[in-house]
1. For the stretch 70-125, what class follows from the C-alpha gyration tensor (a ≥ b ≥ c being the square roots of its eigenvalues): rounded when a/c is under 1.5, otherwise prolate if a/b is larger than b/c, else oblate?
2. Quick one: accessible surface of residue 264, probe radius 1.4 Å, all protein chains present, in square angstrom to the nearest 10.
3. Along the stretch 207-220, what does the Karplus equation 6.51 cos²θ - 1.76 cosθ + 1.60 (θ = phi - 60°) give for ³J(HN,Hα), rounded to whole Hz, x for Gly and Pro?
4. Which entries of 223/409; 223/264; 76/111 have Cα-Cα distances beyond 18 Å here?
5. Would you tell me the accessible area of residue 178, worked out with a 1.4 angstrom probe on the heavy atoms of the protein chains, in Å² to the nearest 10?
6. Where the accessible area of the stretch 101-161 is counted over protein heavy atoms with a 1.4 Å probe, how much of it, in %, is carbon and sulfur?
7. Sort 105, 273 from largest to smallest accessible area, using a 1.4 Å probe on the heavy atoms of the protein chains.
8. Under 1.5 on a/c is rounded, so check that first for the stretch 91-176, then, if it is not, pick prolate when a/b is larger than b/c and oblate when it is not; a ≥ b ≥ c are the square roots of the alpha carbon gyration tensor eigenvalues.
Amino acid sequence: MEQLDPDRLSAAQLAAMRRSLTSGRGALTRRSLLRASGIGALTLGGLSALTSCGIPPARREDGTAAASADHSEQEKVLNFSNWTEYMDTSEDEKSRPTLEEFGKRTGIEVKYSEDINDNVEFFGKIRPQLAAGQDTGRDLIVVTDWLAARIIRLGWAQKLDPSRLPHAYANLSPQFRSPDWDPGRSYSYPWTGISTVIAYNSKATEGRKVDSVTQLLDDPSLKGRVGFLTEMRDSVGMTLLDQGKDPANFTTADFDGAIGRLQKGVDTKQIRRFTGNDYTADLDKGDLAACLAWAGDVIQLQAGNPDIKYAVPAAGYITSSDNLLVPAQARHKANAEKLIDYYYELPVAARLAAFISYVCPVDGVKDELAKIDPALAENTLIVPDKAMTAKSHAFRSLSSEEETAYEEKFTKLIGA
């Protein structure tokens, strides 16, 4: 189990998180932020909350979270924290239909808060209570996989009861069933998946398809018009795949090889720059002919520009996830489990997927989604088919030492 002192973040890690929050995936993986200029930089106070040593973690000698009393039977309430625009709403945006139906069916009042703007800032809010073995005031949270892994390692997430999750257990897509940070999904279930693919402006490429990292880095017709991402796991992960390496099982030598490959692209000026959320505007205008991109963004861009295309490299692509967790000491664990299971019912999952346009982690949702929008049901960026799923790869969990060393190398590469 991870200890807090080694879990402090280095200057390079802090810089990486600032990039993520202001212009990277942490700033742009939700629909609302495609229409906004970004959320701004996280305050130093928020970052220090993540890195300070503080109170030792509240867990038992066996490494699990300390037991907490569940008041679900007596208190029909559920406090749910999520990201903005990550829940379906009515056309007038005055109600959340699937949440309201859950309340009517179960009698549980869901107190829904869109109070997660980024992983680091949110963790800074709840960390003091978690470390002190106190209730955070939240029964269910949604965090990105690297933070979910950290919370689980620290013993700050409650183990889920499989008997209360029949739909979730049966319908979870094989692609998401067993991440290395939570084998068998004992503590978490994915809310949605986030895929990294290649996007290109067919007008800027004069109709030529761009479908590999090798092409991004070597095609002279693209020189100076290529973008990679400021998210280390995405840019290095996609490069590892292109080099025939497995992002789920690579060595430091493999990592260094990928960095060297990208460095050559920088030195030869093949790569225009490493981008965060601003790649969307550049790709739309054609200033970037091709780049690494997040699939949810591609769907949104295509709605306004028919020249935006995407490709999944034959070598594969990187997938991450945002995940549902029940924090330690939450008062309403059973109520939270009921809601998790509810969103794995096929009709409910389809309605959510139709709204947020990210990878749906619910297997078998296609027919239900087709009833809402046949085009969405056929979009493999939302409902991956077998071929798409087979190409999906996760970037393995890193030790604190590895993360420090790798982020330092990546930060040097991109000049941040």
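1. oblate
2. So the heavy atoms of residue 264 present about 120 Å² to solvent.
3. With the stated coefficients, the stretch 207-220 comes to x, 6, 7, 10, 9, 8, 5, 4, 5, 4, 8, 10, 6, x Hz.
4. Exceeds cut-off: 223/409.
5. Surface open to solvent at residue 178 totals about 80 Å².
6. Carbon and sulfur atoms account for 40 percent of the accessible area of the stretch 101-161.
7. Descending order: 105, 273.
8. Verdict is oblate for the stretch 91-176.
The values are calculated or read from the model by the stated rules, or taken from the named source; none is laboratory data. Bear in mind the structure is a predicted one, so any value in this text is a computation, not a measurement. Accessible surface areas use protein heavy atoms only, side chains included; no ligands, DNA or RNA. Shrake-Rupley method; radii C 1.70, N 1.55, O 1.52, S 1.80 Å.
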